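As structure tokens, the structure follows; a few thoughts come after it.
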Amino acid sequence: MKLNIRFLFIFLLILSMAEVSAQTGTIRGLVYDKETNEPVSFCNALIEGTKIGAVADINGIFTIGKLQPGEYNLILSFVNYTTQKVTFVVQAGEVVTKKIFLEPSSKQLDAVEISAEKQEAQNTVKMSVIKATRKEISAVPAVGGESDIATYFQTVPGVVTTGDQGGQLYVRGGAPIQNKVLLDGMIIYNPFHSIGFYSVFDTDIIQTADIYTGGFNAEHGGRISSVMDIKTRSGNKSNFGGKVSVNPFGAKMLLEGPLKKSKNENDISGISYVFSAKTSYMAQSSKLFYKYVDSLGLPFTFNDLYGKISFNGNNGSKFNVFGFYFDDSVRFQQVSDLRWRAYGAGTNFVLVPTGNPVIIEGNFSFSDYNARLNDYIAPERNSGITSFNAGFDFKYFLKHDEIKYGVAFSGFATRYKTFNAVNRTIQQDVNNTEASAYIQYKLNRGNWLVEPGFRLQFYPSVQNISPEPRLGIKYNANENLRFKLATGIYSQNLIASNSDRDVVNLFYGYLSGTNNIPETYTNEDGEIVTRKHVLQKANHFIVGSEYDLSKNLSLNLEAYYKDFTQLTNINRNKIYDDDGNTAIPDILKKDFIIETGDAYGVDFVLKYTSKKTYIWFVYSLAKVNRWDGLVSYNPVFDRRHNINLVATQTFGKDGLWEVNARWNYGSGLPFTPTGGYYQNIPFSNLNTNYTQTNTNQLGILYGDLNSARLSDYHRLDISIKKRFEFKKIVQPKEEGKPAKEVIRSELEIIASATNVYNRRNIFYVDRVSNTRVYQLPIIPALGVSWKF
């Protein structure tokens with residue numbers, strides 16, 4: 001009966017929308033670059049003489065609904081494009097659709113970019129989200145000079161990394177397993193290479209990268225800490241082009257172009273492709289260039305391949321097919337070998353129905369990930385996950401409001417085998433499925449912007465359902481000052497194969513939620529709690545404010561609290577098989593234990609943007625706590641203070657010179673100190689005389705868990721870029737217009753240095769030899785790229 005009432009309510013809601021729509025009209029714009037026919041994402045459209053407007057989505061589509069019949073002039077503006085006025089004539093009950101081609105202009109005023117950001121800030125809650133562009137990613141210096149989203153991600157407020165090696169990032173108190181990474185809608189299980197400077201993504205094919213560090217809305221689910229949603233651009237629909245880059249660490253190639261060109265300049269249909277390949281040869285080149293780091297060379301190698309074909313309709317609809325292959329290898333001499341590889345393929349589409357204000361999006365993908373670790377003194381460990389995910393999203397525009405709803409399905413099979421400290425086998429081979437549905441509503445009421453949402457996560461394989469309400473609110477106090485709030489409940493059924501207590505995590509495997517955990521656990525107050533589910537769950541509470549100090553300078557301040565109500569961690573105390581013997585406590589026989597905890601802090605972001613200068617200053621103050629039922633501790637990523645300062649300055653004629661710098665400071669990370677040593681005598685038989693037996697085996701007595709701190713971390717990276725432009729004269733297609741000069745190709749030379757003042761940042765301490773292991777020293781590099 002309750003289900004029938006819900007369907008009746010939804011049916012009446014749709015009917016009421018249809019009735020109102022019959023009395024009003026809708027404007028839809030498809031905004032494209034006039035030279036490349038590529039969508040102009042996030043272009044601003046404002047009805048002249050009013051505050052009614054919209055921002056184009058990633059596909060260059062904007063919609064303004066519930067308009068009374070009549071004539072409307074829309075002002076379209078975006079950075080590096082000439083502002084344009086377009087007239088729409090609206091009829092009752094109709095959707096008026098126009099294709100709009102913006103003329104690129106390198107002489108655009110700074111105010112356009114600033115006003116575009118301000119309009120977006122005033123019309124979206126934008127809580128704990130960073131929208132990274134290729135320009136901003138390129139502002140952060142990288143090893144070898146080639147920009148990478150991995151180094152940019154490390155400058156995001158609330159993000160902590162434990163070192164140059166390992167490739168794992170922690171977001172506002174969450175472990176890496178609690179971060180969801182999407183590539184064109186496909187879940188990527190290991191987005192970062194073992195050397196922490198590189199991701200699997202090519203910056204040059206990224207169209208947008210939205211990084212949600214908490215409080216994300218109902219559209220995203222399945223993770224309890226953060227979401228990184230990366231979307232790649234389509235290939236050039238007009239001309240063949242590409243880029244080739246070489247530096248001491250690796251090489252990259254990108255190719256793109258049309259497979260079927262548009263019929264004319266007003267036709268946006270066609271088929272295009274883009275292909276990217278990256279490889280690293282630092283294991284070989286470092287023996288020549290960086291002998292002082294390690295005479296045997298830096299032991300990192302990787303390869304990344306990505307390809308995409310886009311089918312574009314003339315009405316704005318699009319269908320994409322894509323695939324990838326990533327691999328990574330680390331060979332620490334006589335210590336361990338780690339190898340992982342991932343591959344996958346998928347499709348996504350955007351459907352823009354003619355005469356209907358709804359936009360439909362969908363995706364389907366398949367991927368496989370497998371990792372193997374051989375550390376020479378223990379049996380080989382391996383982990384794999386094979387998965388698929390699919391989803392459909394529907395977006396409906398009203399005059400000021402927006403409704404978005406959708407469904408998603410996913411499944412994954414985990415394959416895992418490892419051994420703990422006493423050589424007990426821990427193994428898992430499990431199939432899992434998940435399903436979800438969500439709805440979110442964006443209401444714009446004067447100075448108030450409210451985004452309520454609800455997501456229902458269903459985990460059939462573990463028979464758990466998680467209802468997850470979400471809420472975002474923003475209040476525009478005036479033109480320059482805004483206050484915001486976000487909260488929500490989050491869950492996931494994926495756990496890590498390593499403990500949050502580990503200082504160095506070379507092997508990072510994936511496991512599904514399991515019943516091999518205690519039925520009860522003791523909270524920090526001493527109360528014994530009966531477990532109700534096997535999921536990891538968290539609640540987010542975030543408040544903040546945005547203040548535009550001037551047209552170029554903005555301040556963002558956010559305070560957050562993440563309450564991790566149930567976490568699953570690997571049981572380092574297991575010494576018995578779980579064979580049903582009730583005399584043995586769960587803490588000694590279960591593969592996993594239940595933990596709780598919280599994370600809270602404040603993130604301060606100051607951003608300055610002008611035509612030639614870009615400054616990004618971030619300060620984060622944070623604390624992370626964990627309780628395992630016996631002791632309270634701070635995990636290894638609990639960094640109290642973290643500072644990032646990024647600066648970019650262009651100069652010279654036409655801005656062909658560019659200097660980038662990044663300085664990072666982080667207070668010391670926790671670690672468990674060594675309390676002492678003892679002679680570890682192996683009792684091979686009952687007659688062993690321990691008073692006369694000598695052995696070379698050394699036993700370690702550990703101090704209190706994570707009770708000490710490493711020394712502070714800080715590092716300065718710098719890069720200098722010089723571009724050489726090769727131009728040609730192009731005759732216009734339209735008669736009467738003068739010929740113009742366009743760039744035919746570009747040559748860029750990049751000189752860079754990582755850890756400029758050669759800071760000896762500690763990575764960890766070898767407990768047996770008591771030797772300090774340091775992170776990477778100063779690494780200069782010279783690279784070159786050719787774009788054509």
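The values are calculated or read from the model by the stated rules, or taken from the named source; none is laboratory data. Just so it is clear, the structure is predicted and the values come from calculations on it, not from any experiment. All Cβ positions, even for glycine, are placed from backbone atoms using ideal geometry, and neighbour counts span all protein chains on display. These area figures cover heavy atoms from the full protein model, side chains too; ligands, DNA and RNA do not enter into them. Shrake-Rupley method; radii C 1.70, N 1.55, O 1.52, S 1.80 Å.
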Neighbour cut-off at most 14 other Cβ (10 Å), DSSP loop, trypsin sites (Lys or Arg not before Pro), the stretch 275-325: Lys291
Within straight cross-link reach of Lys722, meaning Cα distance under 17 Å, which aspartates and glutamates are found once same-chain residues fewer than 8 apart are removed? Glu146, Asp654, Glu658, Glu746, Glu748
With Cα atoms, 0 to 90° folded angle of helix 2-23 axis to the chain main axis: 30
The simple spin-label model distance between Asn447 and Phe604, using points 7 Å out along Cα→Cβ, in nm, is 2.6
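What is the mean projected area of the alpha carbon convex hull for the stretch 430-471, to one decimal in square nanometres? Please list the in-between numbers first.
Values: hull surface 12.6 nm².
Hull-based average projected area comes out at 3.1 nm².
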Looking only at lysines whose Cα falls under 17 Å of Lys589's and that sit 8 or more positions away or on another chain, we get Lys417, Lys574
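Which of the trypsin sites (Lys or Arg not before Pro) found in the stretch 743-788 are in a DSSP loop and have at most 12 neighbouring Cβ atoms, other than their own, within 10 Å? Mind dumping the intermediate values first?
On the way: sites: Arg744, Arg759, Arg760, Arg767, Arg772, Lys787; in loops: Arg759, Arg760, Arg767.
Counting only loop positions with at most 12 other Cβ atoms within 10 Å, the trypsin sites (Lys or Arg not before Pro) in the stretch 743-788 are Arg760.
Kirkwood-based Rg over Rh for the chain (C-alpha set), two decimals?
Numbers: Rg = 27.6 Å, Rh = 28.2 Å.
The Rg/Rh ratio comes out at 0.98.
Do any trypsin sites (Lys or Arg not before Pro) in the stretch 171-275 lie in a DSSP loop with no more than 11 other beta carbon atoms within 10 Å, and if so, which? Please report the intermediate quantities before stating the final value.
Working: sites: Arg172, Lys180, Arg223, Lys231, Arg233, Lys237, Lys243, Lys252, Lys260, Lys261, Lys263; in loops: Arg172, Arg223, Arg233, Lys237, Lys261, Lys263.
Within the stretch 171-275, the qualifying trypsin sites (Lys or Arg not before Pro) (loop, at most 11 other Cβ atoms within 10 Å) are Lys263.
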Take the solvent-accessible surface of the protein heavy atoms, probe 1.4 Å, and return the percent of it on the chain that carbon and sulfur atoms account for. 58
Kindly flag which residue pairs out of Lys537/Lys623; Lys51/Lys607; Lys85/Lys740 have an alpha-carbon separation exceeding 21 Å in this structure. Lys51/Lys607; Lys85/Lys740
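Does the stretch 246-384 come out rounded, prolate or oblate, given a ≥ b ≥ c as the square roots of the eigenvalues of its C-alpha gyration tensor, rounded meaning a/c under 1.5 and, failing that, prolate meaning a/b above b/c?
Numbers: a/c = 5.02, a/b = 2.09, b/c = 2.40.
Here the stretch 246-384 falls in the oblate category.
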On a 0 to 90 degree scale, rounded to 10, what angle separates helix 110-123 from the longest Cα axis of the chain? 70
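Per residue, how many Å² of accessible area does the chain show with a 1.4 Å probe?
Ligands and nucleic acids excluded, the figure is 44 Å² per residue.
Quick one: grab the alpha carbon gyration tensor of the stretch 189-302, order the square roots of its eigenvalues as a ≥ b ≥ c, and give me rounded if a/c is under 1.5, else prolate or oblate depending on whether a/b is larger than b/c.
Cα axes put the stretch 189-302 in the oblate bin.
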Taking a straight Cα-to-Cα line shorter than 12 Å from Lys653, and setting aside same-chain aspartates and glutamates fewer than 8 residues away, one finds Glu725
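Name the shape class, rounded, prolate or oblate, that the alpha-carbon gyration tensor gives for the stretch 130-264, where a ≥ b ≥ c are the square roots of its eigenvalues, rounded holds for a/c under 1.5, and otherwise prolate holds if a/b is larger than b/c and oblate otherwise. The partial results should precede the final answer.
Details: a/c = 2.39, a/b = 1.38, b/c = 1.73.
Because a/c hits 1.5 or more and a/b fails to exceed b/c, the stretch 130-264 counts as oblate.
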Gain upon complete extension [Arg372, Gln463; 0.36 nm per residue less C-alpha separation]: 29.7 nm
Can you compute the helix-only [θ] at 222 nm over the chain? Use -39500 (n - 2.57) per DSSP H run of at least 4 residues, normalise by all residues, nearest 500 deg cm²/dmol. -2000 deg cm²/dmol
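In the structure displayed, which of Lys180/Lys260; Lys135/Lys237; Lys131/Lys263 lie more than 24 Å apart, Cα to Cα? Numbers along the way, then the final one.
On the way: Lys180/Lys260 35 Å; Lys135/Lys237 22 Å; Lys131/Lys263 34 Å.
With Cα atoms farther than 24 Å apart: Lys180/Lys260; Lys131/Lys263.
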